[in-house]
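Enquirer: The structure's right below; bear with me while I get my questions together.
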Amino acid sequence: MFENILIYFYRLGNEALAAMLIGIDDTDSKRGMCTTYLGTLLKNSLERELGEKIQLRLVRLNPTIRYKTRGNAAICVSICHSYDVQDIVRKHIERMAHLDDDNTHPGAVFYHDFQVPTDIQCFARDAMHGELRLEQAIELIQRHGLDSISFKNGRGLIGALAAIGARSQDCNSFELIAYRFARNLQKKRYINAQSVWHADTSTYPYTWDTLDRSGKAVLCAPHSADPILYGVRGDDPNQILAAHRKIISEPYEYLTLYQTNQGTDAHVRLAKIRNLQHGCSYKVVAAVKSEPWTISGGHTFVSVADGSGELLCVAFEPTKHFRATVRKLRVGDKVTVQGSYVNDSLHLEKLRILELSDLYEHDNPVCCGKSMKSRGHNKGFKCSKCKAVSDAKLGPRLLKREIVAGAYEVTPSARRHLAEPLIRRHDLGYPVFPSR
């Protein structure tokens, strides 16, 4: 019954007009907790208080931000009543946030309308891509006369305002999260791996990144000390629920469906190499300038250039078989590289090969049914059987490339929350090679 209500609500939720949006961020720490867990308990509390179904949105922000704990997630709570809920929100943050952690600085913002101003929407897009200052958030909050709550230095106001500004049409995927009972938090999670494989087989591609088949790793369950038991991501809430029903695990206390911007590439912007900024994610159209090389440890590098500059790209060892594609690039190939720009290099998430350069090989002349052997540099060739000599090479022969044009991606276990899996796109007009 609960699951049917859940799906029905999310089918209609985008058409409902929220009278208030509540953004919350920065309540967790590296030691545990989870902002989405606070969102779930707050949702339950508000539903009891207001007598209405409440929609939750999970908004991922810049994945390379220096202040993040794990996935850099903020939440937005939508309610249909214009109701004074600040005291309820404050009490939840005071009770649940890791306020004793030096890096936890919660913030909450309250917006009393459903039409979010353009400048707040722009602020949200910038928060997904770059690093914003607290002063920018405070200036916008004051400009629009918004109510807010902050703790300690209040840095969470940035993510809270961004969660409000994230447009619902840009949050076009879902995640169903099961939360553990408090009594089990100090115990090892129990999830039957075989049941997760069955769930993935039954619902892929409508659910994705539930597991990494190449590495045989379950991805839907975190390894950190937080309340999440597992989360199933996908495009279709019905398929997500179908996957959830097949997963065998320890009992869960809460089950919450979040609308989210996960898997949307919201963190990526098209740019020229000369304009890249540290800590942001980009898509760059360029030509390969060097032969790829691999260092000890398995990291693979290649240089590209676009006329405005040259860029070092790296596919790290955890990207696994994606590195094999990078290693097959050759000088002159036209590509689009995508990833985060950190330490003067682009950490690759995706690669699209636009055009492959032609490679040629000069064959040795043939004698007695076999290729003649070289006599040394610029000394011609000699037949090892009849000892005949020749100075002429055969004309160049076009080599067949080991890769084809199209889009490639890192293995799911190396994928960021915001990175869009290729399986989600069916309208690109060029070949895609999804990684499972």
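Enquirer: Which numbered condition trips up VAL304, out of (1) within 21 Å of LEU418 (Cα to Cα); (2) among the β-branched types (Val, Ile, Thr); (3) touching a Cys at 6+ places or on another chain (Cβ under 7 Å)?
Expert: Result: VAL304 passes all but (1).
Enquirer: Return the only residue of LEU219, LEU229 being in the same structural domain as ASN72 (by TED's automatic domain parsing) and more than 25 Å from ILE54 (Cα to Cα).
Expert: Criteria check complete, one pass: LEU219.
Enquirer: List the pairs whose first member sits in region 69-91 and is surrounded by fewer than 15 Cβ atoms within 10 Å (Cβ to Cβ), whose second member is in a strand (DSSP E or B), and whose Cβ atoms are under 6 Å apart, counting only residues at least 6 apart or on separate chains?
Expert: Matching pairs, first to second residue: SER82/MET20; ARG90/ILE149.
Enquirer: What are the residues in region 190-204 that are outside any helix (DSSP H, G or I) and surrounded by 14 or more Cβ atoms within 10 Å (Cβ to Cβ), if any?
Expert: The answer is ILE191, ASN192, TYR204.
Enquirer: Taking into account only those residues within region 30-52 that are hydrophobic (A, V, I, L, M, F, W, C), surrounded by fewer than 22 Cβ atoms within 10 Å (Cβ to Cβ) and closer than 15 Å to LEU185 by Cβ, which is modelled with the highest pLDDT?
Expert: Residue satisfying both the conditions and the ranking: LEU41.
Enquirer: Here's another thing I want to ask about it. Since ARG401 meets every condition but one in (1) closer than 28 Å to GLY215 by Cβ; (2) surrounded by fewer than 18 Cβ atoms within 10 Å (Cβ to Cβ); (3) touching a strand residue (DSSP E or B) at 6+ places or on another chain (Cβ under 9 Å), which condition does it not meet?
Expert: The single condition ARG401 does not satisfy is (3).
Enquirer: Search region 166-189 for residues being among the small types (Gly, Ala, Ser) and surrounded by 14 or more Cβ atoms within 10 Å (Cβ to Cβ), and hand back the single one that is nearest to the chain's Cα centre (by Cα).
Expert: SER173
Enquirer: Tell me, which strands (runs of 3 or more DSSP E) lie completely within region 358-436 with 3 or more residues that are more than 28 Å from HIS129 (Cβ to Cβ)?
Expert: 360-362, 396-398
Enquirer: Report whether or not LEU348 is in a strand (DSSP E or B), surrounded by 13 or more Cβ atoms within 10 Å (Cβ to Cβ) and free of Cβ contacts under 8 Å to residues at least 40 places away in the same chain.
Expert: no
The values are calculated or read from the model by the stated rules, or taken from the named source; none is laboratory data. Keep in mind it's a predicted model, so treat the numbers as computed, not measured. No Cβ is skipped: glycine too gets one built from the backbone with ideal geometry, and neighbour counts run over all protein chains shown.
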